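Down below is the structure, laid out as structure tokens.
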């Protein structure tokens, strides 16, 4: 790993990751939930994750013993290659344990210094993929969440050092259990919580009033919610209706499933639902960060939700009627990190500069080998706007000096 280009200030990367280890979910798991443990079976590249007694269904890469090298698909996403998105073929595979910055806090801090990064929002790799596969009890799911968050706190911290702001994992599906964990991680110093999935929660909107206690706790505890790409469950929800496999590995997704089930539709549906069902009107202090969904969906979403509110003005408003322009509600409460291969300058036509975040997706293969190369996408912007996107906006969310 080498150093990248330099800015006149240290940047803040809003989309960084760690790789979990073999006992990320089991080290602190309460013994009575052993049979519902999320755990790794086997050794080396053929090892795989289990969710209780069910094999994890979304990817055949375990990311503990075997993962693509950082930035190894950068050329593919920059349109310099055209071999299709496959999980292993054509990319360098590594054992993350042999690359300490990917699995160790102290080593990551040293690498951040070399990369010119002051701080990062750090999101799990596997933990945001697992919720749709966890069909056992709510008690078991939250036991795994509690165990994982204790592991994150122990291994990486929640940002007390002012540098690595790891996200705590949470799900609203059982508000009582969720609020208990929100209160615990907030007391432990967490600033960001990442939702286990986008999309509906067991047949309900996440903005359904039954989840209001969850959102009230997020608001009262001054936590910032992160929506990060993962397994939304959309392949299971919609693929069979179109005659496609509802349980494919990521490597086997059809072009239509990539279009309808992976990136744009889950996050666009989710954000439209939250805005139009008045979640932000009921909880005006909520802040939400959207990572690794890119920004293409924003272009259709904002005019779309404005028109939908106008067309449905005489219909039902399950979350309560509001008069604000929905696109303005979105702009007030939501921060977006464009993909490195996208044009963040063009996105300023849709969103104010203070709602854009630099995110490299390091050390994932889809991201940048050198995070600060992202700054090259901001050519032509004034220094103040570059600073806001590369540092200032994230610093405010973190509570750091702007």
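Measuring r between the beta carbons of residue 221 and residue 27 and using R0 = 25 Å, the FRET efficiency lands at 0.50.
Taking the centroid of alpha carbons for each part, segment 230-270 and segment 110-165 are 25 Å apart. Note: relative contact order over the chain, using C-alpha pairs below 8 Å and six or more positions apart, is 21 percent.
Using C-alpha pairs under 8 Å with a sequence gap of at least 6, the mean separation divided by the residue count of segment 1-68 gives a relative contact order of 23 percent. Can you say what percent of the DSSP beta bridges in the chain, counting only those with both residues inside, are antiparallel? Round to 5. So the antiparallel bridges in the chain amount to around 30 percent.
Packing, taken as the mean count of other beta carbons within 10 Å per residue, orders the peptides 362-368, 44-50, 276-282 from highest to lowest as 362-368, 276-282, 44-50.
Overall, the ratio between the Cα radius of gyration of segment 11-398 and 2.2 N^0.38 Å, rounded to two decimals, is 0.94.
Binning all Cα-Cα separations of segment 262-376 at 5 Å, short to long from zero, yields these whole-percent fractions: 2, 11, 21, 22, 18, 12, 7, 4, 2, 1, 0.
Considering only C-alpha atoms, what is the centroid distance from segment 362-402 to segment 1-61, in Å? Spelled out, the Cα-based centre of one part sits 25 Å from the other. Based on Cα contacts under 8 Å between residues 6+ apart, segment 114-208 shows a relative contact order of 32 percent.
Only the coordinates and a few stated rules stand behind these numbers; no lab work does. Since we're looking at a predicted model, the values are computed, not measured. Cβ coordinates were reconstructed from backbone atoms using ideal geometry, including for glycine residues, and neighbour counts include every protein chain displayed.
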